[in-house]
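The values are calculated or read from the model by the stated rules, or taken from the named source; none is laboratory data. Predicted model only: the values in this text are computed from it and were never measured. Here the Cβ is made from the backbone with ideal geometry for all residues, glycine too, and neighbour counts use every protein chain on show. Quick note on the areas: whole protein, heavy atoms, side chains included, nothing else; ligands and nucleic acids left out. Shrake-Rupley method; radii C 1.70, N 1.55, O 1.52, S 1.80 Å.
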Amino acid sequence: MAYALLIRHAQNDWVSKNRLAGWTPGVHLNDAGLKQAEQLAKRLSDLPLRALYSSPLERCIETAAPVAALHDIEITLLEAVGEVRYGKWEGKKIKKLSKKPAWFTIQHFPSRFRFPDGESLLEVQHRAVAAIESLSLHHKDDMIAIVSHADVIKLVLAHYLGMHIDLFQRLTVSTASASLLALPGNGSVRVLRINDHGPIEP
C-alpha cells in the first residue's frame, strides 16, 4: 500500500502578512519557519520515508531539507504540486483582494473561478491529484512525503474526501502540518490524518 504524506511548507513573512506569494521567487522561510521545519523533521523521524517530493518553490524546498537530511534521501522537485498560479492576483494582499466582487465567487463557488491570467482551481486540483496518483503507482509499497502549498493540499484532500470543490475552503491546512493518505492498489483510498501537528507513528 502506498502512503502519501502531504506537508504544507513552513512559515514565511508572506504568510504572516497575508499576501498571495504564488510563484514569486525568493520567498524564503523566516526564523519561525526554519524552526517549524526542524520540528517537522523530528516529528517524522520514525517514519519509513522512501522518497521526498517538493514544489519547486524555495519555501517548500527549505521545509523539505531537514526531513531529507534526517532520512538521508534526496528531494525531487515536482512542478505538478507547485503553488496555484494566481496570475494578476499574485503578490497582492488578501485584505485588498477580499474587497473584489470575485472574492465571493472564490470563497463560495471556486469551481467556476479562474484567477485573472492564471489557473482555475479545477486545473490545480487535476494536476495535483494526477501527480499523486502517478506517484502512488510508482511507490506501491512505500511511504512518501510531498511538500506543497495550502490550497493545493486542500484541493487534493477535497478530492479524496469526495468533497465538492466548492466546499474545499472549509478545510484548514496550517504551515508545517501533515496530512496522510493511504492509497491501496485496489482503487480505494483512506484519509488518515488532516492538518496534523503531532507525532506520526509508522
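Worth a mention:
- Within segment 52-86, the set of residues being surrounded by fewer than 18 Cβ atoms within 10 Å (Cβ to Cβ) and either touching a residue at least 40 places away in the same chain (Cβ under 8 Å) or aliphatic (A, V, I, L, M) (or both) comprises Ala69, Leu70, Ile73, Leu77, Arg85.
- Note on segment 1-42: among residues that are in a helix (DSSP H, G or I) and at pLDDT below 95, the one that is nearest to Asp141 (Cα to Cα) is Val15.
- Glu38 vs. criteria more than 15 Å from the chain's Cα centre (by Cα), open to solvent by 50 Å² or more (accessible area, probe 1.4 Å) and without any contact (Cβ under 8 Å) to a residue 24 or more places away in the chain: no
- In segment 141-159, residue surrounded by the most Cβ atoms within 10 Å (Cβ to Cβ) [restricted to those that are among the small types (Gly, Ala, Ser) and part of a helix (DSSP H, G or I)]: Ala158
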